[in-house]
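Participant: This structure is in structure tokens; I'll ask about it shortly.
Derivation of every value follows stated rules applied to the coordinates shown; laboratory data play no part. These numbers were taken from a predicted model, which means no experiment stands behind them. For neighbour counting, all protein chains shown are included, and Cβ atoms are generated from backbone atoms with ideal geometry for every residue, glycine included.
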Amino acid sequence: MNALTETQQAILALIGERIAVDGMPPSQTEIARAMGFSGVRAAQYHLEALEQAGVIRRVPGKARGIQLVQPDADASPGDLPPSDFEDALRLPILGRVAAGAPIGADAGVDDYILLDRNIFFPSPDYLLKVQGDSMRDEGIFDGDLIGVHRTPEARSGQIVVARIDDEITVKLLKIAKDRIRLLPRNPDYAPIEVLPDQDFAIEGLYCGLVRRGH
């Protein structure tokens, strides 16, 4: 990974924080405002540098199409320079999470991989492998590894990993006075209505993804 300037590191941290807190990345205008830039062109320049460094991926045509990416997800301790290894985070991959319909959550640890701890904010506690394309419009595709920050709490509008009757799924959380819904980000899929008699819990917040060759 190319060396990042202090400004680029700050923008990367901002992107990670906004994904973790709001469930979506900031727009270029919001980045420019937060960093004190006079216009969005400076934000575009730094985003281009972050993409060239391999730490983000931008989805064309989307105002908030920024994804956190770790391209060297298969690295082992011997593959990382000592300075990088000091910042490495060893995360377990816990089975698969559905981005279509919920699937069983009883899978154990499939593997471990090393990630730069600066890629995500806050740091993920584990990774889950996505199955399906119901979160396609958020840039989350089949086979991606999503970082999950373990927490039982989330706000409406955040992307969450949720448990429904011992099954897990990743969806956009919508909370109203009288109901909770888990929304896909693909019009081919129907929302999931959480029924009063179902065992429902938030397992964690989506905080970025890792895309490996698959």
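Participant: Would you mind calculating the gained length between Asp22 and Arg155 on full extension (0.36 nm times residue separation, minus the Cα-Cα distance), in nm to one decimal?
Facilitator: 47.1 nm
Participant: If you don't mind, there's one more thing I want to ask. Rg and Dmax of segment 135-214, using alpha carbons, in Å: what are they?
Facilitator: Final numbers for Rg and Dmax: 12.7, 42 Å.
Participant: Per the Kirkwood treatment, what hydrodynamic radius in Å, one decimal, follows for segment 6-68 from the mean inverse distance over all distinct Cα pairs?
Facilitator: It is 11.4 Å.
Participant: Just to verify a number: FRET efficiency for Thr5 and Arg90, C-beta to C-beta distance, R0 = 35 Å, to 0.05?
Facilitator: That gives a FRET efficiency of 0.80.
Participant: Measure off 7 Å from each Cα along the Cα-to-Cβ vector at Asp178 and Ser38, then give the distance between these two points in nanometres to one decimal.
Facilitator: Here the answer is 5.4 nm between the modelled labels.
Participant: Let me ask something else about it. Order these peptides, 148-159, 187-198, by their mean beta-carbon neighbour count within 10 angstrom, highest first.
Facilitator: 148-159, 187-198
Participant: Give me the one-decimal nm value for the distance between modelled label points at Asp111 and Gln198, 7 Å along each residue's Cα-to-Cβ direction.
Facilitator: Going from the Asp111 label point to the Gln198 one covers 3.1 nm.
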